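The values are calculated or read from the model by the stated rules, or taken from the named source; none is laboratory data. Everything numeric here is computed off the predicted structure, so don't read it as measured data. Here the Cβ positions follow ideal geometry from the backbone for every residue, glycine too, while neighbour counts run over all protein chains shown.
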């Protein structure tokens, strides 16, 4: 059992493709990182910012994406709640899945925790794209079930934790990034 005061590493993805009160997406992402620090979550390192094709293509403006390594003594559920609270404070609403947004914060991983179980996490990891577009888990899934498929996550993640090993796949971030199809990598460009 983890000591409640023990700080642990976690990794988050940041993204946005709409202006916020803080300005364009790149300014919004920086402001969100400041907001994390304001609530006692230490930002250890931050990736470069990347411009990413909107998904699905043509659905809106391109995204700006990044990844950050954070450290906190809070548990995964508490960190996820903080991320959702910051999104809300920045004007995020969750009415349409994968809609344009000023800010999206995803908890990618918390050390090597698997939540709620390996079987459930694997089930979400294997969900076909047509079902992904319609369904969202009603519980925290760690590691994030789609991180190994997304260039806009893995490329910035590689900046901050190239050697982090996915506890279910046994691969580093660098290995997963290298295995992405060219089509997933080519749409992610440094700002």
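Candidates 108, 83: the one that is in contact with a strand residue (DSSP E or B) (Cβ under 6 Å, 6 or more places away or on another chain), under 18 Å from residue 17 (Cβ atoms) and at pLDDT 95 or above is 83. Looking at 48, 59, just one residue is touching a residue at least 12 places away in the same chain (Cβ under 8 Å), part of a loop (DSSP other than H, G, I, E, B), in contact with a helix residue (DSSP H, G or I) (Cβ under 7 Å, 6 or more places away or on another chain) and loosely packed, with under 15 Cβ neighbours inside 10 Å, and that residue is 48. Any chance the stretch 19-29 includes a residue that's closer than 20 Å to residue 144 by Cα and either in contact with a helix residue (DSSP H, G or I) (Cβ under 8 Å, 6 or more places away or on another chain) or not in a loop (DSSP other than H, G, I, E, B) (or both)? Yes. Scanning the stretch 101-117 for residues being assigned to a loop (DSSP other than H, G, I, E, B) and either closer than 23 Å to residue 90 by Cβ or in contact (Cβ under 8 Å) with a residue 60 or more places away in the chain (or both) gives a total of 4. When 137, 156 are screened for being modelled with pLDDT of 95 or more and at negative phi, only 156 passes. Of the helices (runs of 4 or more DSSP H) that lie entirely inside the stretch 123-191, those containing 1 or more residues that are in contact (Cβ under 8 Å) with a residue 60 or more places away in the chain and in contact with a strand residue (DSSP E or B) (Cβ under 7 Å, 6 or more places away or on another chain) span 151-160. One residue stands out among those in the stretch 1-18 that are out of contact with any strand residue (DSSP E or B) (no Cβ under 6 Å at 6 or more places or on another chain) and outside any strand (DSSP E or B): the one that is modelled with the highest pLDDT, which is 18. What number goes with the only condition from (1) farther than 25 Å from residue 185 by Cβ; (2) surrounded by fewer than 21 Cβ atoms within 10 Å (Cβ to Cβ); (3) touching a residue at least 40 places away in the same chain (Cβ under 8 Å) that residue 41 does not pass? Result: residue 41 fails condition (2) only. Of all residues in the stretch 162-171, at least one satisfies being surrounded by fewer than 21 Cβ atoms within 10 Å (Cβ to Cβ), touching a helix residue (DSSP H, G or I) at 6+ places or on another chain (Cβ under 6 Å) and closer than 22 Å to residue 44 by Cα.
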